[in-house]
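First up is the structure itself, then whatever we jot down about it.
The values are calculated or read from the model by the stated rules, or taken from the named source; none is laboratory data. Not measured: the values here are computed from a predicted model. For neighbour counting, all protein chains shown are included, and Cβ atoms are generated from backbone atoms with ideal geometry for every residue, glycine included.
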Amino acid sequence: MTPQDFERFQHNSQDCGVLLYYAGEFTPAMIAAAADSLKGRLASEEAGSAAKRKVFSTFIEMAQNVLHYAAANAEPGLPQPPASGAIAVGRDASEGDAGHYWLVCSNPVHVEHIARLTEKLNALQSMSLAEIKESYRAQLRNAEHSDTDAISKGAGLGLLTIARDASAPLEYSFASTADPRSRTAQFYVKALV
């Protein structure tokens, strides 16, 4: 990256209202450090405590999703590298003090999980807030979840928590990698709070 590239990156970040951005390995220690940094940034924001709590909760859920579900593209039988991805938190500067916070995360996912994630996210997009809350409560009581979903480690509560705290339906997309042999795609999720 040249100094000019960094200058453009810095200006773009400021124009987009970025409060926090991280890309790299996701570990529990990294999430804790980023969470502390975000707390400090949110403390200086003029938003209400409920909005700040929702932003923080959404950040933690997104970071945990990257930590637990980022797919490695290592060859079978080789050691798996640490989870990697990116996360950003910002405030929509175009709306002034009444603007929304936005959170976006990305991580690689196995291509065979795209249909499953698409189904879950499309269902969430069509639910009302009351339906999301009811689905969340139902999942809390779902003792058979591990029998029916071997992939999800948290009973499917992460996306429900993010959707519950969001002020608009979640946005998502998948992007193929340039390598046609890759077994992964990049998964992006955006929430407005």
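Within the range 25-34, take every residue that is surrounded by fewer than 15 Cβ atoms within 10 Å (Cβ to Cβ) and among the small types (Gly, Ala, Ser) and give me the one that is farthest from His100 (Cα to Cα).
Among residues in the range 25-34 that are surrounded by fewer than 15 Cβ atoms within 10 Å (Cβ to Cβ) and among the small types (Gly, Ala, Ser), the one farthest from His100 (Cα to Cα) is Ala29.
Starting from the range 172-193, take each residue that is over 24 Å from Lys52 (Cβ atoms) and free of Cβ contacts under 8 Å to residues at least 40 places away in the same chain and list its partners that are part of a strand (DSSP E or B) and among the aromatic types (Phe, Trp, Tyr), counting only C-beta distances under 6 angstrom and pairs at least six apart or across chains.
Ser173/Tyr188
Residues Asn142, Asn107, Asn122: which one is among the polar types (S, T, N, Q), part of a strand (DSSP E or B) and either modelled with pLDDT of 90 or more or more than 19 Å from Ala185 (Cβ to Cβ) (or both)? Show your work before the answer.
Values: Asn142 fails: part of a strand (DSSP E or B); Asn122 fails: part of a strand (DSSP E or B).
Exactly one residue qualifies, and that residue is Asn107.
Can you find, within the range 36-69, the residue that is surrounded by the fewest Cβ atoms within 10 Å (Cβ to Cβ) among those that are touching a residue at least 60 places away in the same chain (Cβ under 8 Å) and more than 25 Å from Gly24 (Cβ to Cβ)?
Ala51
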